[in-house]
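Everything below concerns the one structure shown next.
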Amino acid sequence: MPVSASLLAASGAVRIASLNLCTDEYLLLAASRTQIASVSRLAADRDDSPLWRVARGIPVNNGTLEDIIAQRPTILLTMGGGGRSTRELAKRLGIQTVDLHFPQSIDDVVSNLEIVARLSGQQAAVPRWKWRVRQLQASKPAPRPAAFVGQGGTTVSATSLAASWMTLAGLRQMALPGGKVSAEWLMTDAPPILLKSNYRARQMSQGRRWLDQPWVREANSRIIETDGRPWTCAGPLMPYEIERLRGLL
């Protein structure tokens, strides 16, 4: 981490802005409220983020640097680069850009949270969260075949980060033909467990209607509903949902 960020954190002058939902999660968990200059509008939307109450009252942005200039951040938190023009403009404005990697593993999620905690000087926020993850890893149940299913039959790859989190709940994501849950598959080869996302359940859409069709309700599977919001990023909010799922299973 650059010395400038260390000195700012030590002096309490650090002001961090996040432009997308996934970096919002790390920031809201690993920085004090006074250090957060801005988060994306999705962080304050109860349909998108379990942390919407935490984000309440914090300035929100639409994912552009122009939206946050008035909040005078010292650090811009991005994931996957944030775009060359954004980085160059931030540099000209004296804003340091810190780019988190798209996590491919649970250890990557741990690493991202540690980076944000160091930026904010809030390292004490990490050990208990990290202990929680390690406890889940050390005590994971024997996996049972399952399939995550979201709006319109969307699912996750058997080798994805989301599937890694599923194993900590005792579920093994099946490799599905075409990478999607189909009505035909549910009627003929349904897994013992369907992990059904309730993402934006209050909003009617074609994707939501798919989940309410007979082929889902009448599948020869135990249907367990999961809070779909943490799965969007499969990041630092996942341990809490995994613990809840273990209680149900």
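The values are calculated or read from the model by the stated rules, or taken from the named source; none is laboratory data. From a predicted model like this one, the values you see are computed outputs, not experimental measurements. Don't worry about glycine lacking a Cβ; one is built from the backbone with ideal geometry, like all the others, and counts go over all protein chains shown. The accessibility values were calculated without ligands, DNA or RNA, using every heavy atom of the protein model including side chains. Shrake-Rupley method; radii C 1.70, N 1.55, O 1.52, S 1.80 Å.
So the values come out like this:
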read-out: Those residues of the range 88-108 which are crowded, with 18+ Cβ neighbours inside 10 Å and either free of Cβ contacts under 8 Å to residues at least 40 places away in the same chain or not in a helix (DSSP H, G or I) (or both), in sequence order; value: ALA90, ILE95, GLN96, VAL98, LEU100, PRO103
read-out: Lone qualifier among VAL54, VAL60 - being over 21 Å from ASP99 (Cα atoms) and open to solvent by 30 Å² or more (accessible area, probe 1.4 Å); value: VAL54
read-out: Selection count, the range 41-99, where residues are under 15 Å from THR23 (Cα atoms), of a type in the set (Lys, Arg) and in contact with a Lys or Arg (Cβ under 7 Å, 6 or more places away or on another chain); value: 0
read-out: Close pairs from the range 36-47: first over 21 Å from ILE95 (Cβ atoms) and of a type outside the set (Phe, Trp, Tyr), partner open to solvent by 10 Å² or more (accessible area, probe 1.4 Å) and in a strand (DSSP E or B), Cβ under 6 Å, at least 6 apart; value: ALA44/VAL60
read-out: Boolean, GLU243 is outside any loop (DSSP other than H, G, I, E, B) and touching a strand residue (DSSP E or B) at 6+ places or on another chain (Cβ under 9 Å); value: no
read-out: Residue among VAL116, VAL54, VAL126 that alone is closer than 29 Å to MET166 by Cβ, out of contact with any Pro (no Cβ under 8 Å at 6 or more places or on another chain), assigned to a helix (DSSP H, G or I) and modelled with pLDDT under 95; value: VAL126
read-out: Every pair of residues 6+ apart whose Cβ atoms lie under 6 Å, when the first sits in the range 176-189 and is in contact (Cβ under 8 Å) with a residue 24 or more places away in the chain while the second is part of a helix (DSSP H, G or I); value: LYS180/GLY153; VAL181/GLY153; ALA183/TRP215; LEU186/TRP215; MET187/TRP215
read-out: Lone unmet requirement of (1) surrounded by 20 or more Cβ atoms within 10 Å (Cβ to Cβ); (2) modelled with pLDDT of 95 or more for VAL149; value: (2)
read-out: Which listed residue is open to solvent by less than 60 Å² (accessible area, probe 1.4 Å), of a type in the set (Ser, Thr, Tyr), closer than 22 Å to CYS22 by Cβ and touching a residue at least 60 places away in the same chain (Cβ under 8 Å), from SER111, SER120; value: SER120
read-out: Subset tally (residues that are in a loop (DSSP other than H, G, I, E, B) and buried (at least 17 other Cβ atoms within 10 Å of the Cβ)) for the range 159-171; value: 2
read-out: Matching option when the condition is under 18 Å from THR226 (Cα atoms), at pLDDT below 95 and of a type in the set (Ser, Thr, Tyr), among THR154, THR188; value: THR154
read-out: Given (1) open to solvent by 10 Å² or more (accessible area, probe 1.4 Å); (2) modelled with pLDDT of 85 or more, number of the condition ILE242 does not satisfy; value: (1)
